[in-house]
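S.K.: Pasting in a structure now, in structure tokens, and then I'll have a few things to ask.
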Amino acid sequence: MKILVVGVGSIGTRHMNNLVEHGHEVHVVDINRENLKRAASTAKGAFDSLDNALKIKPDVAFICTYSNDHITPALKCANAGCHLFIEKPLSLILDGTDELIEIIEKKNLISMVGCNMRFHPAISYVHDTLISNLFFSKKLWGNFEFGFYLPFDKKDYQNSYKAKKSMGGNLIFDGIHELDCAVWFFGEPVEVICSKDIISSLQIDTEDHVEMIIKFTSGAVCTIHMDYLQHGYSRRCKVVCEEGTIVWDFVNGNIGEITTSNREWSWKDMKLEVLYNQMYIDEIKYFVDCVSFDRETFNSIKQSLSVLKLAIAANKSCHTNVWEKIK
């Protein structure tokens, strides 16, 4: 399959390498000369202009630009007839999303917003348990946590997009996996209240911690914590249902379940270790299969709008200090 990767920073390079490894004809485009030079040795073709890149008529476009610049290149690629894989988050605003969906539907394109955590075996297991196990049929509340120390991410972290609003940096959107999982587990959100701030001395102009409460149409409630402050990577969740509770911890790599019929914890080992990249491989294989068989993905651009609207409402609530409806 002929694939164009738009933006070959960190995540774009990962997708490029995985796609090449799995036999696809991969071309790249980036306005950053260093990124382009680095990718040119792996990709079949390298372009510094999206218009020129689209002349090769790619089947698929992977949009891996900064978070605040996904929709513009996506619209160009969709108009050119490319199936679309857009890295999370879909966008930081709703502008252009209706137009993009209209083009996708008119041209019968397959689309997907890349949320690799859906392909973590533990997250997938929790989702399947909540769907199929009767003890977990009525969900009551959940708690999600995500955090790491930003200076450990990159030595020049203050120049990364995560630290700069002008580059699309925003912890709510950077940590959108948690919002995505919350919606995947609990269904449609109806309102949210959120607080974010800078409480450390990291010298960044994006927030370094977020606290959020979400209410869902089902009556369930969920809390989410995110930060750039913890000195060790953390990602975990807990879902409490009427007759059962399930918990997962990324670092420890285990899942625990307890129900009213079995009052002792049952634990499963779900550690990925060196297979971390497998999530990304499974993600692109799933998307390419959907394109090949003309099958809608489980996280199309249209389906992912509820997560984007939740993130936008949460971000707004940080300024209004009130519950914001998710319209």
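S.K.: Between a residue in the stretch 14-26 that is buried (at least 16 other Cβ atoms within 10 Å of the Cβ) and any residue that is assigned to a helix (DSSP H, G or I) and small (G, A, S), which pairs come within a Cβ distance under 8 Å, given they are 6 or more apart or on different chains?
M.R.: M16/A39
S.K.: Does H231 count as more than 28 Å from T13 (Cβ to Cβ), surrounded by fewer than 19 Cβ atoms within 10 Å (Cβ to Cβ) and touching a residue at least 12 places away in the same chain (Cβ under 8 Å)?
M.R.: Against the criterion (more than 28 Å from T13 (Cβ to Cβ), surrounded by fewer than 19 Cβ atoms within 10 Å (Cβ to Cβ) and touching a residue at least 12 places away in the same chain (Cβ under 8 Å)), H231 does not qualify.
S.K.: Let me ask something additional. Please verify whether F287 is of a type in the set (F, W, Y), without any contact (Cβ under 8 Å) to a residue 40 or more places away in the chain and over 22 Å from K138 (Cβ atoms), treating the condition exactly as stated.
M.R.: So F287 fails the test.
S.K.: Contact list please: Cβ distance under 6 Å, first residue in the stretch 143-156 and in contact (Cβ under 8 Å) with a residue 40 or more places away in the chain and crowded, with 19+ Cβ neighbours inside 10 Å, second residue among the small types (G, A, S) and not in a strand (DSSP E or B), pairs at least six apart or on different chains.
M.R.: These pairs meet every condition: F146/G175.
S.K.: Scan V210, V192 and give me the residue that is surrounded by 22 or more Cβ atoms within 10 Å (Cβ to Cβ) and within 15 Å of K309 (Cα to Cα).
M.R.: Testing whether each residue is surrounded by 22 or more Cβ atoms within 10 Å (Cβ to Cβ) and within 15 Å of K309 (Cα to Cα) leaves just V192.
S.K.: If you don't mind, another one. Which of the residues that make up the stretch 255-281 are in contact (Cβ under 8 Å) with a residue 24 or more places away in the chain, touching a strand residue (DSSP E or B) at 6+ places or on another chain (Cβ under 6 Å), over 30 Å from E21 (Cα atoms) and not β-branched (V, I, T)?
M.R.: E257, K268
S.K.: Another question, then. Based on this model, can you work out whether F216 counts as closer than 23 Å to F173 by Cβ, over 18 Å from the mean Cα position of the chain (by Cα) and in the same structural domain as F146 (by TED's automatic domain parsing)?
M.R.: yes
S.K.: If you check L19 against the conditions, is it within 30 Å of R235 (Cα to Cα) and part of a loop (DSSP other than H, G, I, E, B)?
M.R.: The answer is no for L19.
S.K.: What residue, of A61, A46, A39, is at pLDDT 95 or above, touching an Asp or Glu at 6+ places or on another chain (Cβ under 9 Å), in a strand (DSSP E or B) and not polar (S, T, N, Q)? Can you show your working first?
M.R.: Values: A61 fails: touching an Asp or Glu at 6+ places or on another chain (Cβ under 9 Å); A39 fails: in a strand (DSSP E or B).
Just a single option satisfies the conditions, and that option is A46.
The values are calculated or read from the model by the stated rules, or taken from the named source; none is laboratory data. Quick caveat: nothing in here was measured; it's all calculated off a predicted structure. Reconstructed Cβ throughout: ideal geometry from the backbone, glycine too, with neighbour counts over all protein chains shown.
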